[in-house]
1. For region 26-110, what is one quarter of the convex hull surface built on the Cα atoms, given in nm²?
2. Can you give the calculated 222 nm mean residue ellipticity of the chain, where each DSSP H run of n ≥ 4 adds -39,500 (n - 2.57) and the sum is split over every residue, rounded to the nearest 500 deg cm²/dmol?
3. Report Rg (one decimal) and Dmax (nearest whole number) for the chain, counting Cα atoms only, units Å.
4. Among SER82, SER99, ILE69, which residue has its Cα positioned farthest towards the positive end of the charge dipole of region 66-107, with +1 placed on the Cβ of Lys and Arg, -1 on the Cβ of Asp and Glu, and the dipole taken about the Cα centre?
5. Kindly write out, for region 33-41 in residue order, the coupling ³J(HN,Hα) from the Karplus curve 6.51 cos²θ - 1.76 cosθ + 1.60 (θ = phi - 60°), rounded to whole Hz, with x marking Gly and Pro.
6. On a 0 to 90° scale, report how tilted helix 114-144 is relative to the longest principal axis of the chain, with both axes built from alpha carbons and the result rounded to the nearest 10.
7. Would you mind putting 158-166, 27-35, 124-132, 141-149 in packing order, based on average other-beta-carbon counts within 10 Å, highest first?
8. Work out the length of the dipole vector of the chain about its Cα centre, built from +1 on the beta-carbon of each Lys and Arg and -1 on the beta-carbon of each Asp and Glu, and round it to the nearest 20 debye.
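Every read-out reported here was derived from the displayed coordinates using simple, explicitly stated rules and does not represent laboratory data. Quantities reported herein were computed from a predicted structural model and do not represent experimental measurements. Note: ideal-geometry Cβ built from the backbone for every residue, glycine included; neighbour counts use all protein chains shown.
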Amino acid sequence: MLNQKIQDALNEQINAELFSAYLYLSMAQHFEAEGLPGFANWFKIQFKEEQDHATIFMNYINQRGGRVILKAIDAVPTSWESPMDAFKATLEHEQKVTSLINGLYALATEENDYATRDRLAWFVTEQVEEEDNCRVLIDKLRLIGDNGMGLYMLNTELAARTYTVPSPLATAE
Ligand code: MG
């Protein structure tokens, strides 16, 4: 059984993951409207991944005999100045999520809940990847500057991104 403190913190994290999903879905819609479908595709995959993150936590709470409580999701911005602006906002957001995951990890350690700490370890690694993905794209956008051909090529590259089921869901059940 999960202790109440851990359960509450995990439910908060589910809300944070769903907020991330909503934020990236909004970015995808922004890029659809901007005529950059490759960028929209990249953010739609982010959207799916964030829903997966929430699902991993929900499955985990249920597995431990806890109770998932879904709360209201805050409104998200609806437009960004430029692709660079959107990716900088994404990196900043992911850095915030990393600190939430680290806080949860510290709490699980403090509460001697090693199963929760183990589950969180996957997220610690995942956050390294999330932040790195954003940095790589920010670097590419910096190189592109205001070169239209560069933006066209990056849009094509991002259109090729495909979704893969994260390992905790691929192996569950
Ligand atoms: Mg996430």
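1. Projected area, direction-averaged: 6.6 nm².
2. Estimated from H runs of four or more residues: -26500 deg cm²/dmol.
3. Reported Rg and Dmax, both Å: 17.3, 56.
4. Toward the positive end, the furthest listed residue is ILE69.
5. Per-residue couplings from phi come out as 5, 7, x, 10, x, x, 4, 4, 4 Hz.
6. For helix 114-144, the angle is close to 10 degrees.
7. By packing density, highest mean first, the sequence is 27-35, 124-132, 158-166, 141-149.
8. It works out to roughly 260 debye.
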